[in-house]
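Only one structure is covered here, and it is reproduced in the block below.
The values are calculated or read from the model by the stated rules, or taken from the named source; none is laboratory data. This structure is a prediction, so every number in the text was calculated from the model and none was measured. Here the Cβ positions follow ideal geometry from the backbone for every residue, glycine too, while neighbour counts run over all protein chains shown. Keep in mind that these areas ignore ligands, DNA and RNA; they rest on the heavy atoms of the full protein, side chains included. Shrake-Rupley method; radii C 1.70, N 1.55, O 1.52, S 1.80 Å.
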Amino acid sequence: MATTHNLGFPRIGKHRELKHALESYWHGRSTRDDLLSCGTTLRKQHWALQSKLDWVPAGDFSFYDQVLDMSFTLGNLPERVRGYPGHVLDNYFRVARGRSAAHDAHGDCCHGVSAGEMTKWFDTNYHYIVPEFDASTRFSLDASRLVQQCREAKAWGVNAKPVIIGPLTSLALGTRQDGGAKLALLDALLPVYAELLGELAAQGATWVQIDEPILVTDLEEAWRQTFSQAYEVLTAGPVKLLLATYFGALGDNLALAAELPVAGVHLDAINAGHEIPELVSRLREDQILSLGVVDGRNVWKSDLNRVLDQLEPISAELGDRLWIAPSCSLLHIPTDLDLEDELDTEVKAWLAFATQRLEEVRVLGAALNHSRDAVRAELEQNRRDLRSRSDSQRVHNPAVQAALAKVEPELGQRRSPYKARAAEQARKLDLPLFPTTTIGSFPQTDAIRRARKQYKAGELNEAAYRAAMHAEIERCIREQEALGLDVLVHGEAERNDMVEYFGEQLEGFVFSRHGWVQSYGSRCVKPPILFGDVRRRGPMTVSWTLHAQSLTRKPVKGMLTGPVTILNWSFVRDDQPRSVSCLQLALAIREEVQDLEHAGVKIIQIDEAALREGLPLRKSAWADYLRWAVDAYRIAANGVADETQIHTHMCYSEFNDIIQSIADMDADVITIETSRSDMELLQAFDNFAYPNDIGPGVYDIHSPNIPGKDEIIDLIQKAGERIPVRRLWVNPDCGLKTRRWEEVTPALQNMVSAAHELREIYYRS
C-alpha cells in the first residue's frame, strides 16, 4: 500500500487570518494570547484539511519564518537580543523585524534593534531570516514550539510527522560574521539535534521529516563528506528520519543521499523524475522512497493519469516502501481554489491550489492502492480538464507569435555607450552629487485601500476613483518636495501590487481574489496566473505619471515592473519554455517604455527585483537563464534615446557571482538592497569595476525602525570605498508601500539630510 503524506501547508490562512493577527499584535491592538490563539486555530484547521492523507506535518506552522523558528529551537539567538527578558515571541520578532509589539515594555528595545538579514529561500519568492554565527555561537535546545504542536496534533487525533530543517541546511543558510568556517560549528550543533529527536520521540513521534534542500545545489566536497558524519549521529536516535529534498534534482549528490543511513528519502519528482530509476536501484531494502508527484510551486492541475503511468511500476516494485506527496511544501501556492467564485471559469478548471493538491495526492493514493476504478470519475474529470486547456483558443495568439518571429538582437542595444549617455543625461537632468530618490511606492493608506475596494465593488465610478488617486499622487509629490528629494515618484497609489497591476492590463493573465501567498512575515502577495500569450492592450502607466509630472518641476520617474520579475512572480504557464513567456512580456513592456518617453518622461525605472531569484540552483544552468533574462530586460528597456535615463531595482541580490550579467543589462542606474547586510553585498564590486551608476539602499524598509542620519552617512561612505562617489545615488532599500507615513517621513528626512552633509564633505574635499 502506498502511503500519502504532505511536506508542509500554507500557514497564512484562507483569509489571511495570520497576517491580520500579526499586524494587530505588532500595533498593540491585541494581546499575545490573541495571537497564540489564532495560531492554534489555524493549525487545527489546516490539519483537518490534510486529514485525508496518511501523514501530516507538524512544526511547519510559523509566526514569521521556519528558518528563524529553527534558529530559536537550536538556541541560536543573535547576541544583541540575548539580554532581553520576557516571552520568546518578543525576541523572535525583534530578530525578524527589529522590534516586538508596540506594547513591549522592555526598555530601549521599544526603539528597535537591528533586524536579521533577510534573503530568498532557494529560488522561490519566500524570504527567510538568515541565521547568524560566529566563534562565540553556542547551541542549546528549546523544543517548546515543536512539543506544543506535537501535543496539539495528538490531542486532535492527527497522525503527525514533525518537520525540521536539517543541520547542514541550517548551517549553509546562515552567515558566519567573523569569517570563520560554518562547518566548524557542526560538532556543537549535532548533539542539540540528537536531543531534539529524542524529545520528539518522547512526544510519540515515529517519523521525523528532516529537510536538507541544499542537496539539490552544488556542494563543496567538505560539505558532502560531512553529510555522512552528521547522519551517522542522527540516525542513532529513536525515530525514523525521512530526508526531504526539493526544488531540483540531486544530480551528483544522488549517491550521497541514497547512501545516508536514513529510513527514507524524498525526491522532487516534478523536477527530478529522471532520477527515480537510479534512486530506486540504490535504496536499501528497508528504505522507503517518497516521491513528490504533484507540483508544490505552481497551480496547474496535475495530469493524474500520466502520473499513475509513472507510479504504477514503481509501486509494484516497492510496495509499502512507496510514499507519495507534493514536490515540496505547499507554502508556495494559495490555500484553496474553492474560494475563487469570481475566477474565469474556463481557466479555473485548469488549476489546483494547496487544498486541491491534497486531493490529487489522495486520488493517486487510492488509485495505487485500490485500482484506478476506485477513482475513475476523478480521473475522467481530470482528463477532460486537461483537454480543455490544450484545446483552448485563448492560450495561443497568432499576433503575438508573429511579433516574436520579428525579434532581432538590435532591439536590445542602446544607441550609445554608457559614458556618452551619462554625459547627455547629466546635462539634461542637472542633478547634484549623491542624488536622492525612492524606489517607487509610498504608503498604501487606509484611504487608498478603501477607494480601490469601492471601485472594484462598483461603489465608486471611474471619475471618482481617478480623482481619489490623483489626490493621493499630489500628496506624495508635495511630501517629496517638502523633504527635498531630487528625483520624485508618483507613489503608485493606483497599484495593488507591482506585478498584479501590470498583469491586469495584459492579455494572457487571470487573477484570483483570495490566492494569497506568504512572502515574508505578514507580507503576502497574490501572484497573477499567466495562462496564455501576452500582449499589451494599451498604455498602462502614462496618464498617472504625467499627472504627477504636471505637479512639479522636478523629474518624476516612470515606474514599471520588468519582464523577468513579472515572470518570476507569477504562476507561469508550463506548456512552453519560460524564456518564451519572458520575451512576450519584454515586448509588452517595451511598448510602455516608448510611450512614456514619447510623453516626455525623462527617467524610467524598470524594476527587476526578482532577476537573481530566478537563477537555477545549479550553476551549470545559469548561463542559459541569464542569457535570456538579460536579453529580455534589454529588449524592454533599450528602445529609447540617450538622454532618457533608465533605472532598475533589484531585491536581496547576492551580486558576486552574477555581477557581469548585471553590468550587461546596461541600466544607467541600478538600485539594490544593502542596508541589512551593512553594505556587505557591495563586496561584489571589490574585484569588478561596475561601470554605471548605483544606489545602494540605506534604509531597511522591512523594519519599522527609523535609520539615523549618521547611520546613513556611514553606509554611503562604506559604499564610496568601492564605487566612485560621483556615481552613487542615495535611496531606500525598496518600495515604501508596506510602511506608514509616520515611519517614512522621518526616515526620508534623515536620508536627505545625510545626502546634504555628504555633499558638503565631498565638495570640500
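I'd like the FRET efficiency for Arg376 and Arg449, computed as 1/(1 + (r/R0)^6) with the beta carbon distance as r and R0 of 35 Å, rounded to 0.05.
Working: r = 47 Å, r/R0 = 1.34.
For R0 = 35 Å, the calculated efficiency reads 0.15.
Here the stretch 292-439 is described by how far its Cα atoms reach on the three principal axes: 76, 38, 37 Å, from widest to narrowest.
For Lys348, the lysines whose Cα falls under 18 Å of its own Cα, not counting residues fewer than eight places away in the same chain, are Lys14, Lys301, Lys526.
Shape summary of the stretch 111-252, radius of gyration then Dmax from alpha carbon positions: 16.1, 48 Å.
For the chain, the Stokes-Einstein estimate of translational diffusion at 10 °C and a viscosity of 1.306 mPa s comes to 58 µm²/s, using the Kirkwood hydrodynamic radius over alpha-carbon pairs. For Lys240, the lysines whose Cα comes closer than 20 Å to its Cα, not counting residues fewer than 8 places off in the same chain, are Lys154, Lys161. Rounded to the nearest 20, the Cβ-based charge dipole of the stretch 316-396 about its Cα centre (Lys and Arg +1, Asp and Glu -1) stands at 360 debye. In terms of packing, defined here as the mean over residues of other Cβ atoms within 10 angstrom, the peptides 54-61, 636-643 line up highest first as 54-61, 636-643.
Using a probe of 1.4 Å on the protein chains alone, the accessible area found for His5 is around 0 Å².
Between the residues Pro57, Pro443, Asn6, the greatest Cα displacement towards the positive end of the dipole of the chain, with unit charges on the Cβ of Lys, Arg, Asp and Glu, is found for Pro443. Over all projection directions, the Cα-based convex hull of the stretch 194-251 averages an area of 4.2 nm².
Do any GluC sites (Glu not before Pro) in the stretch 279-371 lie in a loop, going by DSSP, with at most 10 other beta-carbon atoms within 10 Å of their beta carbon, and if so which?
Numbers: sites: Glu285, Glu317, Glu340, Glu342, Glu346, Glu359, Glu360; in loops: Glu285, Glu340, Glu342.
Filter output for the stretch 279-371: Glu285.
What you get for the chain, charging only the Cβ of Lys and Arg (+1) and of Asp and Glu (-1), is a dipole of about 1340 debye around the Cα centre.
Rounded, prolate or oblate: pick one for the stretch 522-628, where a ≥ b ≥ c are the square roots of the eigenvalues of its C-alpha gyration tensor, a/c under 1.5 means rounded, and failing that, prolate if a/b is larger than b/c, else oblate.
Because a/c hits 1.5 or more and a/b exceeds b/c, the stretch 522-628 counts as prolate.
Full-extension gain between Arg537 and Asp309, please, as 0.36 nm times their residue separation minus the C-alpha to C-alpha distance. Let's see the in-between values first.
Numbers: separation 228, 0.36 × 228 = 82.08 nm, distance 4.20 nm.
Extra length from Arg537 to Asp309 when fully extended: 77.9 nm.
Counting other Cβ atoms within 10 Å of each Cβ, which chymotrypsin sites (Phe, Trp or Tyr not before Pro) in the stretch 120-159 have at most 13 and sit in a DSSP loop? Mind showing how you got there, number by number?
Numbers: sites: Trp121, Phe122, Tyr126, Tyr128, Phe133, Phe139, Trp156; in loops: Trp121, Phe122, Tyr126, Phe139, Trp156.
Here the sparse-neighbourhood loop sites are Trp156.
Would you please classify the overall shape of the stretch 1-79 from the alpha carbon gyration tensor, given that a ≥ b ≥ c denote the square roots of the eigenvalues, rounded means a/c under 1.5, and beyond that prolate means a/b larger than b/c while oblate covers the rest? In terms of gyration-tensor shape, oblate. The calculated 222 nm mean residue ellipticity attributable to helices in the chain amounts to -12500 deg cm²/dmol, summing -39500 (n - 2.57) over DSSP H runs of n ≥ 4 and dividing by all residues. When the chain is described by a simple charge dipole with +1 on each Lys and Arg Cβ and -1 on each Asp and Glu Cβ, the residue from Gln518, Ala747, Ile566 located farthest towards its positive end is Ala747.
Between rounded, prolate and oblate, where does the stretch 489-550 land on the alpha carbon gyration tensor, with a ≥ b ≥ c its root eigenvalues, rounded for a/c under 1.5, else prolate if a/b exceeds b/c? Walk me through the numbers on the way to the answer.
On the way: a/c = 3.43, a/b = 1.25, b/c = 2.75.
It is oblate, given that a/c is not under 1.5 and a/b is not larger than b/c.
Apply 1/(1 + (r/R0)^6) to the Cβ-Cβ distance of Glu757 and Ser140, taking R0 = 35 Å, and write down the FRET efficiency to the nearest 0.05. Before the final figure, lay out the partial values.
Details: r = 45 Å, r/R0 = 1.27.
That gives a FRET efficiency of 0.20.
With the convex hull of its Cα atoms as the shape, the stretch 23-172 has an orientation-averaged projected area of 9.9 nm².
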